[in-house]
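The numbers here are math on the coordinates, done by the rules we state, and not lab data. A quick note: this is a predicted structure, and the numbers were derived from the prediction, not measured. Don't worry about glycine lacking a Cβ; one is built from the backbone with ideal geometry, like all the others, and counts go over all protein chains shown.
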């Protein structure tokens, strides 16, 4: 999967057009899925990355929040981008943000209590009247596609009282946080803005209506589900099943449940009936930790206890994303020297659904971050050469990993988080074969008659070796 955006893309309404230009190259490189950012109007109009959701029916069609287009372009351009992905035989992934709404059109009075941010189950005041911005009437759209208008009865709480000009979390009278969410801070139902109440039947019905409309209109073939740690896991069982009946019958979904606790991810998978994959956040943190360890990390066990280890069929491995990149809310950037090793681990080992970040593939000009070396080559190798079998060649050196993907087009990987390393690989199927180091085509390993050969990598390096003839094919393809 390619995550085709990063946080600091220019606000020039060009991304959907860029997608159309790039899809053929992405397909030829080896990608099978393309995840696009939220396509609907956010509270900041053309400046909104997409997660400050205002109107999910406005895909860049109505002059609301100061513009017709979103940050990425118009509705027509979005649909064309999705169609271009689909026509290349790839799966188009729509980013779905159901948890909250922001940028309301009108205020109203509500009875509320303030909530302890550190323990969301603790009330810190008696009830009082607050002026809350929770009425969404969408005047520019004027009822087109849906006449549903949101008000305080459709939300559990918000985080701003205009009467006092305070930004406390406040919960509405008669409302309770959902119990089937993350237990972080006691209960993590609330994240930001006006928090959607999934216990209201009319709200659930509207989310189903919107989902079927969006799926039919856009033609997406899959979903990335945002902030699901704050949404009842049981909701998605029915919602995703229902979406399969419309449009291109999307049957792939991956959820973002942000936690370093693998047990929480496994529990959510069970509660949701395994109706989706989940991003392997614990593995991301392992990669970051290894990259900052100064060599004091046992890289041989980096997968142990991660979602990719415990639920491999439902884990989506990644190195970084738009939230973890420098300057963002969940900043936990994997150091750039380690990025080739991180991608070797998620692309060329046992991970079944790896995700490549736009910022690693194309670079991030905002922070002068260059594209990750050899990332395109590793994507190509995964698609064209890598077998389903992995044979480990680890030893008692915890600073080193080495493995072989045997088969008609064998691949050998050796990486180190410290200084120069080497490892003998012994497999009879490799007898008399010649391997080329991806980093240096003049560095070759000649296997002997028994299939033995010594593979090496420089300090702080990940070296990927493929057959000499496969190397030539790769050069021609890329």
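Just so you know, the Cα atoms of the range 101-196 work out to an Rg and Dmax of 13.8, 41 Å.
Between residue 245 and residue 80, what is 0.36 nm times their sequence separation minus the Cα-Cα distance? Round to one decimal in nm. Don't skip to the end; give the middle numbers.
On the way: separation 165, 0.36 × 165 = 59.40 nm, distance 2.17 nm.
Additional length available on full extension: 57.2 nm.
In terms of other Cβ atoms within 10 Å, 226, 232, 313, 320 run from fewest to most in the order 313, 232, 226, 320. A crude spin-label estimate for the pair residue 274 and residue 179, with each label 7 Å from Cα along the Cβ direction, gives 2.6 nm.
Remark: the range 296-412 projects, on average over all directions, an area of 7.9 nm² (convex hull of Cα atoms).
I'd like the distance between the alpha-carbon centres of the range 447-462 and the range 222-289, rounded to an integer number of Å. So the two Cα centres are separated by 39 Å.
Computed from Cα positions, the angle between helix 75-87 and the longest principal axis of the chain comes to roughly 30 degrees. For the range 265-347, compute Rh as the Kirkwood radius over C-alpha pairs and then the Stokes-Einstein diffusion coefficient at 37 °C and 0.692 mPa s; write the answer in µm²/s, rounded to an integer. Stokes-Einstein gives a translational diffusion coefficient of 245 µm²/s.
The simple spin-label model puts a point 7 Å past each Cα toward its Cβ; for residue 366 and residue 331 those points are separated by 1.1 nm.
Relative to the present Cα-Cα distance, how much length would full extension add between residue 131 and residue 216 at 0.36 nm per residue of separation? Intermediate results must be reported in sequence, preceding the final value.
Numbers: separation 85, 0.36 × 85 = 30.60 nm, distance 3.77 nm.
Length gained, residue 131 through residue 216: 26.8 nm.
Each semi-axis of the equivalent ellipsoid for the chain is √(5λ) with λ an eigenvalue of the Cα gyration tensor; in descending order they amount to 45, 24, 19 Å.
Output the antiparallel fraction of DSSP beta bridges having both residues in the chain, as a percent to the nearest 5. Before the final figure, lay out each step's value.
Values: 50 of 70 bridges.
In the chain, DSSP labels about 70 percent of beta bridges as antiparallel.
Between residue 296 and residue 200, the modelled label-to-label distance comes to 5.2 nm, taking each label 7 Å out from Cα in the direction of the beta carbon.
In the range 221-379, the DSSP beta bridges split such that about 10 percent are antiparallel, to the nearest 5.
Bridge orientation summary for the range 1-144: considering DSSP beta bridges with both residues in this region, about 70 percent are antiparallel.
For the range 391-477, what is the convex hull (Cα atoms) projected area averaged across all directions, in square nanometres?
Values: hull surface 21.6 nm².
For the range 391-477, averaging the hull's shadow over all directions gives 5.4 nm².
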